[in-house]
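Here's the structure we're looking at; comments come further down.
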Amino acid sequence: MYKLDPSIKTVWTINFILKTFFYTVVLFVADFMFVKGSYGDYEFPTGTASFIILIIGIIFSIIFPQLAYKYWSFDVRENEIFLVRGIFTRVKTLAPYSKIQHIDLQQSILDRMYHIAKLVLYTAGTRGADVVIPGLPLEYAEDLRDRLKDVTSVESL
Amino acid sequence: MSGIVNKFSEERSLHPLTLVYNGIKSSPPLLISLYLAFVQNDKSEWMYSIILIILFFGILPSIILNFIYFKFKITDKEIYIQSGIIAKKNRVIPISKVQNVNFSQNFFQKLLGISRVQIETAGDISAEGVLEFVSVANADEISKIIKYYQSNVDVLGINPTLIEKEHRIDSADGKLFSMNLKDIFIYGALRFRPVFLFFGFWLYSFLQQFSFFNLYFEDVFTSNMKNLQDLNVFYLTLLVTLSIIAIFFISWILDIIWTINTFYGFNLINEKNKLITSGGLLSKQTQTIPFKKIQQISIVTNFLKEHLDYYSLRFYTAGFGLKAKGNDIAVPNAKLQLIYEVIDKIKQYRIPKYFLSISKKSIKRVFIRYLVLLIIFSIVLQYFSVYFWFLLLFSPFLYYFAFLNWKFRGYLFIDNTLYIKYGVIIRKINIIPIKKFQTLKIRETFFQRRLGLATLILDTAAVTLSAETLIRYIDIDVAEKLFDEISENFNKQFNSAE
């Protein structure tokens, strides 16, 4: 079983913090503009909700990437790819090469800064059946993509 | 005889009655505006006249021009369809890519003797061809010609008699299942679709204005209204009860009538690589299910039908075509033995008599889940000041339901096929050939992990989510063993096929 590139932890943390800031600002604006003074019997100072979100968000951004990294692992086998992931709900996925329709290599700005990439394997399945492996070293991901390109089959239904 | 084949090699227009049909189809707004313009019109309301003029000079020419500019031809290699007045559209469908040719007719189309032809190709929705409309005879010829070209692409000598012969033999030999009127009546009587309650209610309230059957009760009701003091509770209850019974009865009858309309003369035909269903009284429908697209087969029944030994057979297919319903009824209603026979003729699945049961711990898990839902529901009710403690009396029933849920779940993996059984009220047996799965998953949620349970998910390309291809609540080690077994068998099967 292989682990992901450790720099994915940093990417996840930054992503989480950015998201937290976004929701904090949105909530604060909403709090300030619309909800002000309409708490009924209970008086909270403006910005309580956004403050709580900020605290929870920061705690999460510290803990979540560590745990997610710990439980994420994958294996490239002879006929299939095998993933294990999940903090609360643990999922093991098996995707045979013969069922892969097409392959994407995605890189966000952060990914590019840390020289990692996300590999997405699309299948014809129905319920969220696309197999995603984030945080692979770029060279490795490109190599894997090229290797998989040869083994995927046309007749997959 | 080569006339039939050559008939479509020149550019052709649609059937002239298309004009009449499209005219009828777009007439309601025209008639309404006519009515408004001439009958209801105060002199001031000139708006209607303008709308009328726009409609009249907009719709009619567009119908005629669309008809004039629509051309199609079928050669031995391709089907050309040309349409569009201002924005021209040319569509070329290679004959070899055509999966099947479907016809449909609704009531008006049937009266006019025209038919809608839909040429479906593999997978790609954008490359579909629809001919609206050609005559029924032409539709039949088109399907024959396409079939002919597909079977003899490089043979030069054309002999259409051969096609006709072949076609006839096909449809006579391959009949797998058909329904007579009695079967359809029974099917309709057992469906109890809730939607029809709405129609029943509507018809009932419509009939009430004629007061055939409730004159007496209305009398009682009005006299009581005058004197609320001694309102006769008995008659009032009787009136309400009778109304409800009447509504149920009417919707039941409507359901039967509608079922007969949909399934009249239902046939399931086995052609070379596909199944074809057809049926319908006022509007006829033909559906094609290519074998290759079948992802899953389901035997469906409910607790009532199971007592009467009635089951239905459905196929879940990978998405294709415009309908993309992904779920086709192959046998609407039949005894279990007959269903087995049909399945046996299509592909040899031996449907097991006994299934392995899931973990008994699931009863606890499901019960807690129901209980939490009930408590949340009760608290919401409490908020609206309804006593909610009373609802908690139902919890033993929930436990019983959780027990039933466990009892009716089962699975078995033999002969490269996974059989999954589930459902308390609606009962299903899903048959999934394992070479059809796209991804295989084991999912353990937080609560499941605490009980040592897991869910095994076989994701297929069936379009609908109702194609439940998962085994819930099995022990984690069992799930893992099954996971390995399935993947091993899958690899064996796939490698031997190549």
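The values are calculated or read from the model by the stated rules, or taken from the named source; none is laboratory data. Note that this is a predicted model, so its numbers are computed, not measured. Ideal geometry is used to build each Cβ from the backbone, glycine not excepted, and the neighbour counts take in all protein chains shown.
Structure data summary
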| quantity | calculated |
| --- | --- |
| Some residue of the range B:458-474 being surrounded by fewer than 21 Cβ atoms within 10 Å (Cβ to Cβ), touching a Ser or Thr at 6+ places or on another chain (Cβ under 8 Å), more than 14 Å from chain A (Cβ to nearest Cβ) and closer than 29 Å to B:His307 by Cβ | no |
| Sole exception among (1) in contact with a Lys or Arg (Cβ under 6 Å, 6 or more places away or on another chain); (2) more than 25 Å from B:Leu313 (Cα to Cα); (3) more than 8 Å from chain A (Cβ to nearest Cβ) for B:Ala454, by number | (1) |
| Odd one out for B:Tyr419, checked against (1) surrounded by 15 or more Cβ atoms within 10 Å (Cβ to Cβ); (2) out of contact with any helix residue (DSSP H, G or I) (no Cβ under 8 Å at 6 or more places or on another chain); (3) within 14 Å of another protein chain (Cβ to nearest Cβ) | (3) |
| Matching option when the condition is touching a Lys or Arg at 6+ places or on another chain (Cβ under 7 Å) and farther than 30 Å from B:Leu190 by Cβ, among B:Lys421, B:Lys361, B:Lys436, B:Lys441 | B:Lys441 |
| Considering residues of the range A:41-83 that are assigned to a helix (DSSP H, G or I), hydroxyl-bearing (Ser, Thr, Tyr) and modelled with pLDDT under 90 only, the residue farthest from B:Arg443 (Cα to Cα) | A:Thr48 |
| Among (1) within 13 Å of chain A (Cβ to nearest Cβ); (2) under 23 Å from the mean Cα position of the chain (by Cα) - the single one B:Ile426 does not satisfy | (1) |
| Strands (runs of 3 or more DSSP E) wholly inside the range B:248-324 that include at least 2 residues being more than 30 Å from B:Ser151 (Cα to Cα) and either within 14 Å of chain A (Cβ to nearest Cβ) or polar (S, T, N, Q) (or both) | B:294-302 |
| Breaking point among (1) within 12 Å of chain A (Cβ to nearest Cβ); (2) in contact (Cβ under 8 Å) with a residue 24 or more places away in the chain; (3) of a type in the set (Ser, Thr, Tyr), for B:Tyr411 | (1) |
| Output for the range B:195-212, where each listed residue is buried (at least 16 other Cβ atoms within 10 Å of the Cβ) and at pLDDT 85 or above | B:Phe196, B:Leu197, B:Phe199, B:Gly200, B:Phe201, B:Leu203 |
| Those residues of the range B:356-369 which are assigned to a helix (DSSP H, G or I) and crowded, with 18+ Cβ neighbours inside 10 Å, in sequence order | B:Ser362, B:Ile363, B:Arg365, B:Val366, B:Phe367 |
| Exclusive hit being touching a residue at least 40 places away in the same chain (Cβ under 8 Å), farther than 18 Å from B:Glu341 by Cβ and out of contact with any helix residue (DSSP H, G or I) (no Cβ under 8 Å at 6 or more places or on another chain), set B:Lys305, B:Lys284, B:Lys274, B:Lys293 | B:Lys305 |
| Qualifying position, being in contact (Cβ under 8 Å) with a residue 12 or more places away in the chain and more than 20 Å from B:Ile486 (Cα to Cα), among B:Lys421, B:Lys361, B:Lys441, B:Lys436 | B:Lys361 |
| Single residue of the range B:103-131 satisfying the filter (modelled with pLDDT of 80 or more and aliphatic (A, V, I, L, M)) that is nearest to B:Gly23 (Cα to Cα) | B:Leu112 |
| Subset of the range B:326-346 (residues that are more than 30 Å from B:Tyr400 (Cα to Cα) and without any contact (Cβ under 8 Å) to a residue 40 or more places away in the chain) | B:Gln337, B:Tyr340, B:Glu341, B:Asp344 |
| Residue in the range A:6-24 that is at pLDDT 90 or above, outside any helix (DSSP H, G or I) and among the β-branched types (Val, Ile, Thr) present | no |
| The range B:480-498, residues that are within 33 Å of the chain's Cα centre (by Cα) and closer than 25 Å to B:Lys361 by Cβ | B:Leu482, B:Phe483, B:Ile486 |
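A quick yes/no check of all residues on (1) within 13 Å of chain B (Cβ to nearest Cβ); (2) touching a residue at least 60 places away in the same chain (Cβ under 8 Å); (3) of a type in the set (Ser, Thr, Tyr); (4) within 19 Å of A:Trp12 (Cβ to Cβ):
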site: A:Ile55; (1), (2), (3), (4): no, no, no, yes
site: A:Ile63; (1), (2), (3), (4): no, no, no, yes
site: A:Val84; (1), (2), (3), (4): yes, yes, no, yes
site: A:Phe88; (1), (2), (3), (4): yes, no, no, yes
site: A:Ser98; (1), (2), (3), (4): yes, no, yes, no
site: A:Gln101; (1), (2), (3), (4): yes, no, no, no
site: A:Ala117; (1), (2), (3), (4): no, no, no, yes
site: A:Leu144; (1), (2), (3), (4): no, yes, no, no
site: A:Asp150; (1), (2), (3), (4): no, no, no, no
